[in-house]
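Written out below as structure tokens is the structure these notes cover.
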Amino acid sequence: MSAAQTPSAFTKVNLRDVEDSAVAFGLSEIQEARFCAGDLGAHATGLAHHVLRPGRRQAFGHRHVAAEEIYVVLSGHGRLRLDHEIIDVALRDAIRVAPTVARKFEAGPEGLELLVFGPSTPGDGEILSDFWTD
């Protein structure tokens, strides 16, 4: 492989420079959602950055067929519904979620900022629009 064909050994991206997908779906009043793997040129690892507005819940829940995810709270606090259980989450909490577990976050009064890590598995997720609607 020539030098021109060799993939870069690293990529640096500022999370705020990644497109906010929430804008395209009309969800900006609820959250920001940046899916960073493409911008980083990552092939096997998924990375997302979510910011929930104060007192808001994510627009929908979701679960996966095979992808395990880890969520890390960067700022704020709130709650996370996991199937039928609701847990409190706070600064620097790391939460591993098995693939088939339905999940959805709710921000506290100062908002909630999260990093999400998992494998890159296009088509593996299921959107749950009626999850945690009370």
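Counting only residues that are closer than 16 Å to Ala67 by Cβ and open to solvent by 20 Å² or more (accessible area, probe 1.4 Å), the stretch 107-117 holds 2 of them. Within the stretch 14-29, the residues that satisfy the criterion of being out of contact with any Asp or Glu (no Cβ under 7 Å at 6 or more places or on another chain) and either exposed (fewer than 10 other Cβ atoms within 10 Å of the Cβ) or not small (Gly, Ala, Ser) (or both) are Asn14, Leu15, Arg16, Asp17, Glu19, Val23, Phe25, Gly26, Leu27, Glu29. Could you run through the stretch 63-77 and say how many residues are in contact with an Asp or Glu (Cβ under 6 Å, 6 or more places away or on another chain), under 23 Å from Gly123 (Cα atoms) and surrounded by fewer than 15 Cβ atoms within 10 Å (Cβ to Cβ)? Here the count works out to 2. The set of residues from the stretch 30-47 being touching a helix residue (DSSP H, G or I) at 6+ places or on another chain (Cβ under 8 Å), open to solvent by less than 70 Å² (accessible area, probe 1.4 Å) and either closer than 11 Å to Leu15 by Cβ or in a strand (DSSP E or B) (or both) comprises Gln31, Glu32, Ala33, Arg34, Cys36, Gly46, Leu47.
Just to check your reading of the model, which residue among Phe35, Phe60, Phe25 is in contact (Cβ under 8 Å) with a residue 12 or more places away in the chain, in contact with a Lys or Arg (Cβ under 8 Å, 6 or more places away or on another chain) and under 20 Å from Ile127 (Cα atoms)? Even if it seems obvious, please write down each step before you answer.
On the way: Phe35 fails: in contact with a Lys or Arg (Cβ under 8 Å, 6 or more places away or on another chain); Phe25 fails: in contact with a Lys or Arg (Cβ under 8 Å, 6 or more places away or on another chain).
Within the list Phe35, Phe60, Phe25, the selection yields Phe60.
The values are calculated or read from the model by the stated rules, or taken from the named source; none is laboratory data. Quantities reported herein were computed from a predicted structural model and do not represent experimental measurements. All Cβ positions, even for glycine, are placed from backbone atoms using ideal geometry, and neighbour counts span all protein chains on display. Areas reflect the complete protein model, heavy atoms only, side chains present, ligands, DNA and RNA absent. Shrake-Rupley method; radii C 1.70, N 1.55, O 1.52, S 1.80 Å.
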